[in-house]
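Asks: Okay, handing you the structure first.
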Amino acid sequence: MTGRGIDQILPRPGDPRLFEPYVSSAREYVALAERANGPLPRPAGFSYIWGDALAELERASPDARIVNLETAVTRSDDAWPGKGIHYRMSPANLPCLAAARLDCCVLANNHVMDWGASGLAEALDALRAAGLRTAGAGRDEAEAQAPALIEHRQAGRVLVFACASETSGVPREWAAGPRHPGVCLLDELSARGAEALARRIGAQRRRGDIVVASIHWGGNWGYDVDAGQRAFARALIDRAGVDVVHGHSSHHPKGIEIYRERPILYGCGDLINDYEGIEGNEAFRPELSLMYFPVFDADSGRLVEFSLAPMRLRRMRLERATPDAAAWLRVALGRLGTRIEPRGEHGLSLRLD
């Protein structure tokens, strides 16, 4: 979530005006963070927000770097009417994403059209110009449903299919249509909905591909996993051969399930946001986040290793979480029965047996 307060500390911030009930300027989120943890650099460099995460990426050297980009990338002032929260970052600050050498930005979420159809169009153009693939939103239904293709000479192809559910707060009016822009919106989290997505995946998939189903669903807080989400995720693995379900919307990491040797991440949490200093949900430790590094067998798609890097967001910058914080995350992640074990001084790993 690199919009709003994060955008304001980067070198080329956009208009800070907001239309929230209690906050009229994105700079107020910067002030909250500074009251909580001390002064922030202004401007910060484009790589500043990533902090220790850059070393983790270097260590893992992943073949594909995928994020849910939960903000509009636009200068538009066309705020979506009646929506309480509007996220945006200036297109001129996109080098902050390039600093982490991202491959794909998932756009199927409840903030990508906060500034209207013109804001979405500008985001698509800006991300493409920056060399970033997108999935989950487009100028029409076909583009919104199309997967992002990440191809590596040695590792093969990774296909990212992205979609969103109204359960995450995506307005029904945002659904892309044959002749109008929007997000790839699921009609329902049901067997029928899973079958429709499975058909689209089957039409694109080749032997040896790794398929990611990236889904924005559910509420922001809480560890319970809806039975419909669990059934939908398992159906995607059963019927479409999906290799990893990348679930997001929760502002904190939720439990992980290993189903038929494939991981289901029910809620990845926010790696980066501007919530520092906001009170009310301290029990969920929202300052803690995770980087997820699953490793798959190239021939079978079987999960062979899964490490996690616990991080803490402080002064709008990622730093390695302390061993005590990592231990706290182990408990939160193991709520669905998956065994989480320490890995080195700061890391975690999933026990796959």
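Just so you know, all these numbers are worked out from the coordinates, no wet-lab data involved. In this text the structure is predicted, and so the values were computed from the model without any measurement. Because the Cβ atoms are built from the backbone with ideal geometry, glycine has one as well, and the counts that use them run over all protein chains shown.
Asks: Which length gain, in nm to one decimal place, applies between residue 330 and residue 206 when the Cα-Cα distance is subtracted from 0.36 nm times their residue separation?
Replies: This chain segment gains 41.1 nm when fully extended.
Asks: Go ahead and estimate [θ] at 222 nm for the chain from helices alone: -39,500 (n - 2.57) per DSSP H run with n ≥ 4, summed, over the residue count, rounded to 500.
Replies: Counting only the DSSP helices, I get -7000 deg cm²/dmol.
Asks: How far, in nm, would the chain grow between residue 196 and residue 129 when pulled straight, counting 0.36 nm per residue and subtracting the alpha carbon separation?
Replies: 21.0 nm
Asks: Continuing with the same structure: Identify the residues of region 167-184 with backbone N under 17 Å of a label point that sits 7 angstrom from the Cα of residue 140 along the Cα-to-Cβ direction, or state none.
Replies: 175-184
Asks: Run the quick spin-label model on residue 220 and residue 24: label points 7 Å from Cα toward the beta carbon, then report their separation in nm to one decimal.
Replies: In this crude spin-label approximation the distance works out to 2.2 nm.
Asks: Rank these for me by crowding, 174, 50, 221, going from fewest to most other beta carbons within 10 Å.
Replies: Exposure proxy ranking, most exposed first: 221, 50, 174.
Asks: Right, something else. Rounded to the nearest 20 debye, what is the charge dipole size of region 82-209 about its Cα centre when +1 sits on each Lys and Arg Cβ and -1 on each Asp and Glu Cβ?
Replies: Taking the Cα centre of region 82-209 as origin, the dipole is about 460 debye.
Asks: Relative contact order of the chain, please, whole-number percent, based on alpha carbon pairs below 8 angstrom and at least 6 residues apart.
Replies: 15
Asks: Counting Lys and Arg as +1 and Asp and Glu as -1, what is the net charge of the other residues whose Cβ lies under 15 Å from the Cβ of residue 142? List each step's numbers first, then the result.
Replies: Numbers: positive: 139, 179, 199, 200; negative: 140, 141, 143.
That sum, taken over residues with Cβ under 15 Å, equals +1.
Asks: Quick one: net charge of residue 62's neighbours, Cβ under 13 Å, K/R +1, D/E -1?
Replies: -2
Asks: Of 204, 145, 229, which has the largest mean-square fluctuation in a 10 Å C-alpha GNM of the chain?
Replies: Result for the chain, Cα springs under 10 Å: 204 fluctuates most.
Asks: Same structure, new question: Could you tally the net charge around residue 93, taking each other residue with its Cβ under 12 Å from the Cβ of residue 93, Lys/Arg +1 and Asp/Glu -1? Intermediate results must be reported in sequence, preceding the final value.
Replies: Details: positive: 4, 12, 75, 88; negative: 7.
Around residue 93, the charge tally is +3.
Asks: Sticking with this structure for a sec: Strictly under 4.7 angstrom between C-beta atoms: which cysteines of the chain have no such partner?
Replies: Cysteines of the chain left without a disulfide-compatible partner: 96, 104, 105, 268.
Asks: Also, quick follow-up: What FRET efficiency, computed as 1/(1 + (r/R0)^6) with R0 = 51 Å and r the Cβ-Cβ distance, is obtained for residue 261 and residue 179, rounded to the nearest 0.05?
Replies: For R0 = 51 Å, the calculated efficiency reads 0.80.
Asks: In nm², what is the average projected area of the convex hull enclosing the Cα atoms of region 5-350?
Replies: The number I arrive at for region 5-350 is 15.9 nm².
Asks: A follow-up question, please. Please compute the modelled spin-label separation between residue 85 and residue 15, points set 7 Å along Cα→Cβ, answer in nm with one decimal.
Replies: 2.2
Asks: Now a separate question. Please return the longest stretch of the chain lacking exposed loop sites, where trypsin sites (Lys or Arg not before Pro) count only if DSSP places them in a loop and at most 11 other Cβ atoms lie within 10 Å. Walk me through the intermediate numbers first.
Replies: Numbers: sites that count: 153, 179, 206, 207, 260, 351.
Longest site-free region, per DSSP loop and neighbour criteria: 1-152.
Asks: Another question about this same structure. Within the chain, what percent of beta bridges assigned by DSSP are antiparallel, to the nearest 5?
Replies: Roughly 55 percent of the DSSP beta bridges within the chain come out antiparallel.
Asks: A further question follows. Expressed in nm to one decimal, what extension gain is obtained for the pair residue 238 and residue 295 from 0.36 nm per residue of sequence separation less their Cα-Cα distance?
Replies: Additional length available on full extension: 18.5 nm.
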